[in-house]
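Take a look at the structure below.
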Amino acid sequence: MTVLDQQYLFTAERRAIAQYLADLPEPAEYLRELPLPVVEALHRAVLGRQGWTAMAEDVRLLRYWGLCDFPTSSSNGRQLTNLACAVRKLLAD
């Protein structure tokens, strides 16, 4: 791979990330769209050493709304996403 190819890929990645961030909803706007069971599931999340963790029975619901991660080698698949934490913070205020 040439240097020019690497620069092109880097630029394409940056463009893709910028578009992803532009597509994310504002937490306050997103909160208004959430149904009551999702809001209640966010309230039931608990704060642990790794951050906010969803209750086992709420994981599937929160994942549907993009508020809970998926299992990986470094995550149990119950961690709240950054968007979920921002929404949860609005609920606490």
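Read-outs throughout are calculated quantities, based only on the coordinates presented, and are distinct from any laboratory measurement. Everything numeric in this text was worked out from a predicted model, so none of it was measured. Every residue, glycine among them, receives a Cβ derived from its backbone with ideal geometry; neighbour counts consider all protein chains shown.
A few comments on the model shown:
- Percent RCO, i.e. relative contact order, over the chain, from Cα pairs under 8 Å lying at least 6 residues apart: 23 percent
- Once both labels are positioned 7 Å from their Cα atoms along Cα-to-Cβ, the gap between Leu91 and Ser73 label points is 3.3 nm.
- For Cys68, residues with placed amide H under 5 Å, excluding near neighbours: Arg63, Thr81
- Proximal charge balance of Pro25 [Cβ under 11 Å; K/R count +1, D/E count -1]: -3
- Summing +1 for each Lys or Arg and -1 for each Asp or Glu among the other residues whose beta-carbon sits under 14 angstrom from that of Ala41 gives +2.
- Only the Cβ atoms of Lys and Arg (+1) and of Asp and Glu (-1) were treated as charged; on that basis the dipole of the stretch 31-88 about its Cα centre amounts to roughly 100 debye.
- [x] 7.1; [y] 7.9; [z] 5.8, with the label sought being that of the calculated mean projected area of the Cα convex hull in nm²: [y]
- Peptide packing for 69-76, 37-44 was compared via the average number of neighbouring C-beta atoms within 10 Å per residue; ordered from the highest value, the list is 37-44, 69-76.
- Cα→Cβ-extended label distance, 7 Å offset, between Gln50 and Ala12, nm: 3.3 nm
- Local electrostatic count at Cys68 - Lys and Arg +1, Asp and Glu -1, tallied over other residues with Cβ under 10 Å: +1
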